[in-house]
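Right, one structure below, let's go through it.
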Amino acid sequence: MSKKRSTGNVREAALEILLKIKKNQAYSNLLLNDTIKNENIASIDVPLLTEIVYGTIQYQKRIDFYLEAYSKKPLAKIDDWVHILWRLTVYQLIFLDRVPDHAAINEAVEISKKRGHKGISGMTNGILRSFLRHPLPEFSSIKNETERLAVETSHPEWLLKRWSKQYGAERASSIAFANLTHPTHSVRVNTNRVTKEEVMESLQEEGLEVKESPYVEECLYVKKGSLANTKAFENGWISIQDEGSMLVTLALDPQQGESILDACAAPGGKSMHIAERMQNIGEVVSIDIHSHKVKLIHDQAKRLELSIVHGEVADARQLHEKYDKESFDRILVDAPCSGLGVIQRKPDLKWSKKEEDIHRLSEIQQSIVEAVWPLLKKGGRLVYSTCTVDREENDDVVTAFVEENEEAIFDDQLLTRIPGIIASEKKENPGYFQLFPGEFRTDGFFISAILKRE
């Protein structure tokens, strides 16, 4: 029988994960899952490991600002593993109170001894104990406003400059601070199978705290507990989905008996919501370019007992080779994007993405919309959405498309399908709107609707 890691070794596991993220640009969530599984991490230690990994990534720029005040050597000249070990320990010292400060430092020193030489362990001990003896450096010492905000909120400066230019300094600041808060965990009730009240009762019986959303009818907010292990999830009564993502299906407004194309569907959450709204009557064609991701679509459809969802491996830009013109009543393009609206959940995105990625993705997004447009019936509706907060990937893509296509017109009834509390705040452009992190408990999301003239 394999031996569980000790609590102390959770820091070693966190160090390995953070090193792989830095060296290989790997995704933190995938590495965490693999480590928990392969290293046989005790279930009691999983929350701490997760907190250390995500927290260290989330606050790494601020932590480095603190470290620079105590390190005689420039951080760029420190070995990666030492630098990351310092980061994750400082994160514990500042943000966590579950582990005594002296224990966290002692564990870091022991890891230094195992991985390095005596000089490194002595340096580690000295720098970390400085945190206990001295007050933290003040952000006010940074005179440049953007640089100060970048350090305080731990965001790259280029990103804050973009948001300031596009939305104003106040909005850029609010996005950055919202990204540091814990995201809301929401589930979508499969109302074809069960009532919302039955789901609430089932989850509460298993010790989860549940309350109804004031926005989307089939949405519930959940606190405390693992949803993936609940009876409600296993029985296909719920899906884990951000509420902003649910609004996409409301914008599309699919009807029973229609033929719907979800052009960039994996892992399938929106396809399933569409099928649920259609009460499993009609057809939902769910496309993704990767076969392993299409398998996720099939798995979801099976768990939720939705027979009208058909996953297919294809490039959305080549669908004209597979389907006739005007084959679909409605089309959803939930486009591949930079994901900068979900930094709350995936903090590594703000460090792995570059400005040139946004330019490249914008071109791909435009090409997908142009490629699937001929497949939409006259009088049909195309919804374009992303989980990012950037005008080049959002407003610019849809406005350019509508301006260049005589058949295309913004759907000025879009906001009538969105919950009134949200719609009342988003009147500026009736055909599209941007949700910002922290506004309505959702991720950052862009949603637009375009009609094809009769």
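The values are calculated or read from the model by the stated rules, or taken from the named source; none is laboratory data. Owing to the predicted nature of the structure, the values given are computational and were not obtained by experimental measurement. Backbone-built Cβ (ideal geometry, glycine too); neighbour counts: all protein chains shown. We work out accessible area using only protein heavy atoms, side chains counted, and drop any ligands, DNA or RNA first. Shrake-Rupley method; radii C 1.70, N 1.55, O 1.52, S 1.80 Å.
From the residues in the stretch 427-452 that are basic (Lys, Arg) and either assigned to a helix (DSSP H, G or I) or at pLDDT below 95 (or both), which one is least open to solvent (accessible area, probe 1.4 Å)?
Applying the first criterion (basic (Lys, Arg)) to the stretch 427-452 yields 427, 441, 452.
Subset that is either assigned to a helix (DSSP H, G or I) or at pLDDT below 95 (or both): 427, 441.
On the way: LYS427: 143, ARG441: 101 Å².
Filtering first and then ranking leaves ARG441.
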Quiz item: Quick check, is LEU132 exposed (fewer than 14 other Cβ atoms within 10 Å of the Cβ) and either part of a helix (DSSP H, G or I) or of a type in the set (Gly, Ala, Ser) (or both)?
Solution: yes
Practice problem: Tell me which of these ASP348 doesn't satisfy, since it passes every other one: (1) more than 30 Å from LYS20 (Cα to Cα); (2) touching a Ser or Thr at 6+ places or on another chain (Cβ under 6 Å). | Solution: (1)
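Limited to the stretch 183-224, what total is found for residues that are crowded, with 16+ Cβ neighbours inside 10 Å and over 18 Å from LEU304 (Cα atoms)?
Taking the stretch 183-224 as the starting set, the residues that turn out to be crowded, with 16+ Cβ neighbours inside 10 Å are 183-190, 192-194, 196, 199-200, 202-203, 208, 210, 213, 215-216, 218-222.
Then keep just the ones that are over 18 Å from LEU304 (Cα atoms); that gives 183-185, 208, 210, 213, 215-216, 221-222.
The number of residues fulfilling the criteria is 10.
Tell me which residues, restricted to the stretch 121-166, are among the basic types (Lys, Arg) and more than 19 Å from ILE84 (Cα to Cα). Steps first, please.
Let us first name the residues in the stretch 121-166 that are among the basic types (Lys, Arg), namely 129, 133, 143, 148, 161-162, 165.
Listed by number, the residues that qualify are ARG133, LYS143, ARG148, LYS161, ARG162, LYS165.
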Quiz prompt | Every pair of residues 6+ apart whose Cβ atoms lie under 6 Å, when the first sits in the stretch 167-179 and is farther than 11 Å from GLY438 by Cβ while the second is surrounded by fewer than 17 Cβ atoms within 10 Å (Cβ to Cβ) and among the acidic types (Asp, Glu) | solution = none
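If only one of TYR54, TYR66 is within 26 Å of ALA178 (Cα to Cα), open to solvent by 40 Å² or more (accessible area, probe 1.4 Å) and at pLDDT 90 or above, which one is it? First the steps, then the outcome.
Values: TYR66 fails: open to solvent by 40 Å² or more (accessible area, probe 1.4 Å).
One residue alone meets the criteria, TYR54.
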Quiz prompt | Any hit, the stretch 235-250, residues being farther than 30 Å from GLU205 by Cβ and open to solvent by less than 10 Å² (accessible area, probe 1.4 Å) | solution = yes
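Where in the stretch 213-303 are there helices (runs of 4 or more DSSP H), lying wholly inside it, with at least 1 residues that are of a type in the set (A, V, I, L, M, F, W, C) and in contact with a Phe, Trp or Tyr (Cβ under 8 Å, 6 or more places away or on another chain)? Steps first, please.
Numbers: elements: 231-234, 243-252, 269-277.
Filter on the stretch 213-303 gives 243-252.
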Quiz item: Considering the stretch 163-176 alone, what residues qualify as being within 19 Å of GLY244 (Cα to Cα) and surrounded by fewer than 17 Cβ atoms within 10 Å (Cβ to Cβ)?
Solution: ARG171
Quiz prompt | Tally of residues being touching a Ser or Thr at 6+ places or on another chain (Cβ under 6 Å) and polar (S, T, N, Q) across the stretch 123-167 | solution = 1
Exercise. Just name the residue that is most open to solvent (accessible area, probe 1.4 Å) out of those in the stretch 411-426 that are aliphatic (A, V, I, L, M) and in contact (Cβ under 8 Å) with a residue 40 or more places away in the chain.
Key: ILE421
Practice problem: Return the pairs, sorted by first residue and then second, in which the second residue is hydroxyl-bearing (Ser, Thr, Tyr) and open to solvent by less than 100 Å² (accessible area, probe 1.4 Å), the first residue lies in the stretch 195-207 and is farther than 11 Å from VAL222 by Cβ, the beta carbons are less than 8 Å apart, and the residues are 6+ apart or on different chains. | Solution: SER202/THR230
Quiz item: Does GLY339 satisfy being outside any loop (DSSP other than H, G, I, E, B), open to solvent by less than 10 Å² (accessible area, probe 1.4 Å) and not β-branched (Val, Ile, Thr)?
Solution: no
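Out of the residues in the stretch 76-106 that are over 16 Å from SER130 (Cα atoms) and part of a helix (DSSP H, G or I), which is most open to solvent (accessible area, probe 1.4 Å)?
Within the stretch 76-106, the subset over 16 Å from SER130 (Cα atoms) is 76-82, 84, 95-99.
Remaining after also requiring part of a helix (DSSP H, G or I): 76-77, 80-82, 84, 95.
On the way: ALA76: 101, LYS77: 141, ASP80: 60, TRP81: 37, VAL82: 3, ILE84: 6, PHE95: 68 Å².
Only one residue fits best here, namely LYS77.
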